[in-house]
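For reference, the structure discussed in these notes is given below.
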Amino acid sequence: MGVLVDLIKIMSSFRVLSPGDAVSKTGMPRYLVLAAFKALEELGFIEPIYAKGTHRVYKLTPLAERFLELGIEDLALVVGAGIEHLEEEFSGDTPSGEAAELATEGT
């Protein structure tokens with residue numbers, strides 16, 4: 001999931017980004033960027049703010065901004081555990097509610 005994290009970081013620098021702009025800025029193949037944008041949108045990390053025909057411009061969602069704030073490098077953690085659980089883990093607070101259930105699973 002390194003490509004996804006890389007694109008989230010790049011988007012945080014530019015505030016808004018189209019897949020075409022991402023291809024130019026990263027040098028990644030277009031097919032890879034398009035697939036990554038689709039995945040990030042489905043996971044709730046980006047949302048379109050402009051769409052006309054096939055041209056779309058995206059921005060980060062609050063979930064992606066929190067992901068960056070926490071300094072998490074592995075997107076699979078967020079997808080698997082949920083951001084609420086990771087907020088507790090990375091902030092050092094005592095887990096409560098649903099986050100506590102996730103934290104104690106398997107112990």
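The values are calculated or read from the model by the stated rules, or taken from the named source; none is laboratory data. As the structure is a computational prediction, the values presented were derived from the model and not from experiment. Every residue, glycine as well, gets a Cβ built from its backbone with ideal geometry; the counts of neighbours run over all protein chains shown.
Tabulated values for the structure
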| item | result |
| --- | --- |
| Counted residues, segment 54-76 - those being at pLDDT below 90 and more than 11 Å from the chain's Cα centre (by Cα) | 4 |
| Test: residue in segment 33-48 that is over 21 Å from Val78 (Cα atoms), out of contact with any helix residue (DSSP H, G or I) (no Cβ under 9 Å at 6 or more places or on another chain) and not assigned by TED's automatic domain parsing to the domain that holds Val79 | no |
| Among (1) surrounded by 17 or more Cβ atoms within 10 Å (Cβ to Cβ); (2) modelled with pLDDT of 75 or more, the one test that Pro29 misses | (1) |
| Residue list for segment 32-68, filter: assigned to a strand (DSSP E or B), crowded, with 16+ Cβ neighbours inside 10 Å and not charged (D, E, K, R) | Ile46, Tyr58, Leu60 |
| Failed condition for Glu41, given (1) under 15 Å from Lys9 (Cβ atoms); (2) of a type outside the set (A, V, I, L, M, F, W, C); (3) under 10 Å from the mean Cα position of the chain (by Cα) | (1) |
